[in-house]
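Undergrad: One structure coming up, written as structure tokens, with questions to follow.
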Amino acid sequence: MNHLPRASELGLIHCHVCGMVCCHVSPGEATCPRCGVVLRERKLASYARSWALLVAGFLFYIPANVLPIMRTASLGNVDDNTILSGVIELWVRGSPGLAIIVFTASILVPMTKFFVLAALLVSARHNSDWARPQRAKLYRLVEIMGYWSMLDVFIVALLATLVHFGIFSLVAPLPGVIFFGLTVVMTMLASTSFDPRMIWDDERQR
């Protein structure tokens, strides 16, 4: 697709806030006529900010998995569960559907986001022209996944509000939930900070 003209060559610039395409403007000097934000060809320090937020999210993800995320009490037995042990507990106690949801939201989704964002950042830094349309689709997938990232936190909060939920007599959130919530926030900010237009760039200034 290198033969196709670029927006900068056509005098076009895309507003990253409202999506309006503006003609014949100077980046960094003009503002969007629709929302008033300063127009820029690329997000400022997109690469550095995305990496910083992604690393911070991964560091928060470690205690989110090590520390207990919820406490379950049933028939006098009290168990403090991490994410993985909580998934096993739900499965063993007859809630396989809920166990799959927690596993997907707590383990599968975050790890996928870490891997995909890291791959996008590395490939963008090395000016890779490999599978650009597919990488753009991966970025859109990460954006869609971001809407469901807090699902696990909502599940724990929902269970904590119910005195009786199936065989459980008590469910209470523990500190691991806080770190998991921070992980979700950091990865969402990392995906927002990443400028997908860098996928198509051959030479960039950050």
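Undergrad: Using the beta-carbon distance between His14 and Ile100 and R0 = 35 Å, what value does 1/(1 + (r/R0)^6) give for FRET efficiency, to the nearest 0.05?
TA: With R0 = 35 Å, the Cβ-Cβ based efficiency is 0.35.
Undergrad: His16's amide H: which non-local residues (gap 5+, or another chain) put their own amide H closer than 5 Å, with H modeled 1.01 Å from N in plane and none for Pro or chain starts?
TA: Residues meeting the criterion, in which the H sits 1.01 Å from N, are Arg40.
Undergrad: Provide the FRET efficiency to the nearest 0.05 for the Val66-Arg125 pair, computing r from the beta carbons and using R0 = 30 Å.
TA: 0.45
Undergrad: Which three extents, in whole angstrom, do the alpha-carbon atoms of region 38-138 cover along their principal axes, largest first?
TA: 61, 26, 24
Undergrad: Counting heavy atoms of the protein chains only and a 1.4 Å probe, report the per residue accessible area for region 8-134 as a whole number of Å².
TA: Result: 55 Å² of accessible area for each residue.
Undergrad: May I ask you to rank Lys137, Lys43, Lys113 by accessible area, largest first, using a 1.4 Å probe over the protein chains only?
TA: Reading off the accessible areas and sorting them downward yields Lys137, Lys43, Lys113.
Undergrad: Note the full-extension length gain between Ala118 and Thr31 as 0.36 nm times their separation in residues minus their Cα-Cα distance, in nm to one decimal.
TA: 28.2 nm
Undergrad: Here's a follow-up. How much length is gained if the chain between Met111 and Ala172 is pulled fully straight, taking 0.36 nm per residue apart and subtracting their Cα-Cα distance, in nm to one decimal?
TA: Separation in residues times 0.36 nm, less the Cα-Cα distance, equals 19.4 nm.
The values are calculated or read from the model by the stated rules, or taken from the named source; none is laboratory data. Source: prediction; values computed, not measured. Neighbour counts are summed over all protein chains in view; Cβ atoms, including those assigned to glycine, are modelled from backbone coordinates with ideal geometry. The protein model used for the area step is the full one, side chains on, heavy atoms only, and it has no ligands, DNA or RNA in it. Shrake-Rupley method; radii C 1.70, N 1.55, O 1.52, S 1.80 Å.
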